[in-house]
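The values are calculated or read from the model by the stated rules, or taken from the named source; none is laboratory data. Remember, predicted model here, so these are calculated numbers, not experimental data. Positions of Cβ are backbone-derived with ideal geometry, glycine not excepted, and every protein chain shown enters the neighbour counts. When the accessible area is computed, the model is the full protein with side chains, heavy atoms only, and any ligands, DNA or RNA have been set aside. Shrake-Rupley method; radii C 1.70, N 1.55, O 1.52, S 1.80 Å.
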Amino acid sequence: MPEIALTAGTIEYQDTGGDGPVVVLLGGLVMPGSVWDPVTEDLRTDHRLIVPTMPLGGHRIAMKPDADLSLAGFAQIVAELLEGLGLDDVTLVQNDHAAALVLAGNDPARVARLVISSCEAFDNYPPGLPGKNIRLTAFAPGGLFLAMQAMRMRWLRSSPIGFGWLSKRPLPNQVYDEWLAPIQHDAAIRRDLAKYVKGARKRDMLAVCERLRTFDRPALVVWTPEDRIQKPDHGRRLAELMPNARLLEIEDSYTLIMRDQPAAFADAIRGFVREPAPVAAG
């Protein structure tokens with residue numbers, strides 16, 4: 001898998017190649033880029049897809065000990081990735097985490113379009129029962145190690161404090177095994193995730209969302225009314241914040257819409273990318 005060296009450390013990413021519109025897909029906690037595989041298989045025929053594994057516990061290469069893994073730090077990671085790969089006019093897609101929200105409000109120079117999908121926002125930070133549980137375990141000595149080792153028990157990983165509320169349809173156990181392997185075996189990977197979750201503050205997320213008012217490029221908010229981790233009404237609120245945004249609800253899904261409803265999600269992205277850019281006033 002290709003790698004790119006950034007200020008924070010080395011990031012692995014998938015690049016499908018091709019000369020179609022560039023779509024960058026970002027995921028969440030304890031998930032590698034493969035979380036997007038069903039959507040990637042659909043879109044790769046007519047898009048160039050960049051799928052990094054963000055340093056949120058599903059990554060295999062630990063970040064530098066002094067890496068900035070705050071919300072702002074993750075936005076910087078994405079900005080450096082786009083710059084390092086020479087990508088402009090990208091469609092940036094975010095699920096679960098908020099790196100794209102921060103970038104859109106701070107430095108969206110290389111972002112032509114934004115897709116926000118069932119992610120942490122407003123006062124739901126850390127999001128839901130799983131997010132709050134990970135944060136609590138990170139503060140206890142050895143807590144994150146014990147919590148991740150406990151996820152070897154299949155009944156626990158499919159519970160609400162594990163992955164049970166992320167997807168409406170349970171994923172194969174080998175998928176969860178792949179996602180959990182880095183954080184179960186590498187103390188430096190656990191250090192990276194702990195640094196992020198221990199620094200999570202609601203006031204920071206509220207400020208991130210407020211700055212989205214300045215993002216005036218096309219935005220699509222893809223949400224599910226059945227979400228049990230990200231608040232169902234947050235999709236509408238995010239769409240109302242941005243001056244050129246609209247909401248699309250996809251039913252029969254939880255947070256991981258790319259897994260529960262991959263065809264509908266891929267169709268939403270494809271249609272959004274194909275829409276003509278709005279004509280500037282004046």
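Residue count for the range 97-122 satisfying the condition of being more than 22 Å from Pro276 (Cα to Cα) and of a type in the set (D, E, K, R): 2. For the range 228-246, taking the residues that are open to solvent by less than 10 Å² (accessible area, probe 1.4 Å) and not hydrophobic (A, V, I, L, M, F, W, C), the one that is nearest to Val111 (Cα to Cα) is identified as Gly235. Among the candidates Asp19, Asp88, Asp107, the residue that is modelled with pLDDT of 95 or more and either under 23 Å from Gln230 (Cβ atoms) or acidic (Asp, Glu) (or both) is uniquely Asp88.
Counting residues that are of a type in the set (Lys, Arg), which helices (runs of 4 or more DSSP H) fully inside the range 123-210 reach at least 2? Working first, answer last.
Working: elements: 128-139, 143-150, 154-157, 173-185, 187-198.
Correct list: 128-139, 154-157, 187-198.
Would the range 46-66 turn up any residue that is in a helix (DSSP H, G or I), at pLDDT 95 or above and not aliphatic (A, V, I, L, M)? No, that holds for no residue.
Return the residue satisfying two criteria in turn: it lies in the range 80-111 and is assigned to a helix (DSSP H, G or I) and open to solvent by 20 Å² or more (accessible area, probe 1.4 Å), and of such residues it is nearest to Thr255 (Cα to Cα).
Initially, the range 80-111 is screened for residues assigned to a helix (DSSP H, G or I), giving 80-84, 99-106.
If we keep only those that are open to solvent by 20 Å² or more (accessible area, probe 1.4 Å) too, we end up with 80, 83-84, 106.
Numbers: Glu80: 27, Glu83: 29, Gly84: 30, Asn106: 25 Å.
Across the range 80-111, the extreme among qualifying residues is Asn106.
Restricted to the range 247-281, and to residues there that are of a type in the set (D, E, K, R) and surrounded by fewer than 13 Cβ atoms within 10 Å (Cβ to Cβ), the residue that is nearest to Pro126 (Cα to Cα) is Glu251. So is Thr40 part of a loop (DSSP other than H, G, I, E, B) and either over 16 Å from Ala100 (Cα atoms) or touching a Leu at 6+ places or on another chain (Cβ under 7 Å) (or both) or not? Against the criterion (part of a loop (DSSP other than H, G, I, E, B) and either over 16 Å from Ala100 (Cα atoms) or touching a Leu at 6+ places or on another chain (Cβ under 7 Å) (or both)), Thr40 does not qualify.
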